[in-house]
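This report concerns only the one structure given below.
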Amino acid sequence: MTFAHTQPSLSSTDLSAPALALAQTLVRMNTVSRNSNLELIHFVRDTLKKSGVDSRITWNADKTKANLFATLGEGKPAGVILSGHTDTVPWDGQDWSVDPLSALVRDGKLYGRGSADMKSFIALALAQADAFLNSPAPFAIHLALSYDEEVGCFGVRELVADMKDAGIKPLACIVGEPTSMVPAIAHKGVYRYKCCVRGKEAHSSLTPQSVNAIEMAARVVGKLRDMAEGFERDEPRYEGFDVPFSTASVGQFHGGIADNVVPRDAEFRYEFRDLPTADAASMQKEVLAYARQAEPAMKKIAPEAGFSFETICEVPSFLGSASDPVTRLAQRLSGETRTTQVAFGTEAGIFKNSGISTVVCGPGSITQAHQPDEFVSLEQLARCEGFLRGLAATTSIT
């Protein structure tokens, strides 16, 4: 699969007014992951309907959130996905100088939660709907919008499953996460788990009659630290990442009720960020095996004592290639000769693992995402608009 187009990348410094207005509209919608995203989904659905485009909707369990999949160019034999997530992280406790939902434009920047990550990309793709519908390209453009990416890439799994059930087999996928419009061909995975430890309480003067849940949890925490040091010491480096080896870390720890009570319960949460060449499943198996070794001594004192583990999220790593046709297409459209690797997780690994050639390329910088006064520059949005116009002008697959 290769792509050809009729003109070089369009990198105008002038962002169109309709595209900016759409970006502002989406930023003003409060789609923090704990909330519903239906306002945004319904807006996109209704906007596309005006152009005669129907949308496929897939729901979460209680139908408070939804994915949207729409095909612009129905009847063409294949398609390129433009993928974006509709949810944002919260801003509780952050020191913003502007209203996070204001979508304020000032000094060449669009401010607001989701402006960089990643509502602007969605808006720019939506703004090109008619161009995609009238495109000479022999492939369709699929718009794929997901829910709950920020809390574990949950929605996109339903979207991909529905796409497969419908017999839709796209050529490629462009995930529009903020990469400063430099095509990204790799990122680490993100695997998070919760460990609950049940011990047996006792007065702290009678510790031999107890099982100290905090102390047992601490042993597993120590194991995780040992693993992290082993990754740093022994794992083959993958150059191009800020941290060129896999990592393990504990993010939360809770336990105990008083100084003189041996704690019955403890809980902690941890994560692995694995290189595309590593195996996060094996990492978790190593933790489980270590915990199971400690259980017989615990159960000798209290049969109910032990460890339980819960998966919070499993976001696979992503590994594309600079030689992939979709990467070369993204380079041509963006005017970039280089590629990059990113530290943050995206939905790219899920698309790639489903058999779709994928690249990550979108406007803005991840250094602005999740921050107070999140913004994306209008220059970046103009570059992305040129990128998408160029995609609409792509004329052949050879």
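The values are calculated or read from the model by the stated rules, or taken from the named source; none is laboratory data. Everything numeric in this text was worked out from a predicted model, so none of it was measured. So basically every Cβ, Gly included, is an ideal-geometry build from the backbone, and we count neighbours across all protein chains shown.
Going residue by residue through region 229-250, is there one that turns out to be out of contact with any Pro (no Cβ under 9 Å at 6 or more places or on another chain), surrounded by 12 or more Cβ atoms within 10 Å (Cβ to Cβ) and more than 28 Å from Phe318 (Cβ to Cβ)?
no
Consider Lys119 carefully, then state whether it is charged (D, E, K, R), within 23 Å of Ser16 (Cα to Cα) and modelled with pLDDT of 95 or more.
yes
Only one of Thr346, Thr358, Thr339 is farther than 18 Å from Ala144 by Cβ and among the polar types (S, T, N, Q). Can you tell me which?
Exactly one of Thr346, Thr358, Thr339 is farther than 18 Å from Ala144 by Cβ and among the polar types (S, T, N, Q), namely Thr339.
Go through region 105-213 and tell me which helices (runs of 4 or more DSSP H), entirely inside it, have 3 or more residues that are surrounded by 22 or more Cβ atoms within 10 Å (Cβ to Cβ).
120-127, 155-165
A quick yes/no check of all residues on (1) assigned to a helix (DSSP H, G or I); (2) surrounded by 18 or more Cβ atoms within 10 Å (Cβ to Cβ); (3) out of contact with any helix residue (DSSP H, G or I) (no Cβ under 9 Å at 6 or more places or on another chain); (4) among the hydrophobic types (A, V, I, L, M, F, W, C):
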{"site": "Thr327", "(1), (2), (3), (4)": "yes, yes, yes, no"}
{"site": "Glu336", "(1), (2), (3), (4)": "no, yes, no, no"}
{"site": "Phe351", "(1), (2), (3), (4)": "yes, yes, no, yes"}
{"site": "Gly362", "(1), (2), (3), (4)": "no, yes, no, no"}
{"site": "His370", "(1), (2), (3), (4)": "no, no, no, no"}
{"site": "Glu379", "(1), (2), (3), (4)": "yes, no, yes, no"}
{"site": "Leu391", "(1), (2), (3), (4)": "yes, yes, no, yes"}
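Are any residues in region 249-286 touching a Leu at 6+ places or on another chain (Cβ under 7 Å) and β-branched (Val, Ile, Thr), and if so, which ones?
Val250, the sole residue that qualifies.
What number of residues in region 251-274 are surrounded by 15 or more Cβ atoms within 10 Å (Cβ to Cβ) and assigned to a strand (DSSP E or B)?
The total comes to 12.
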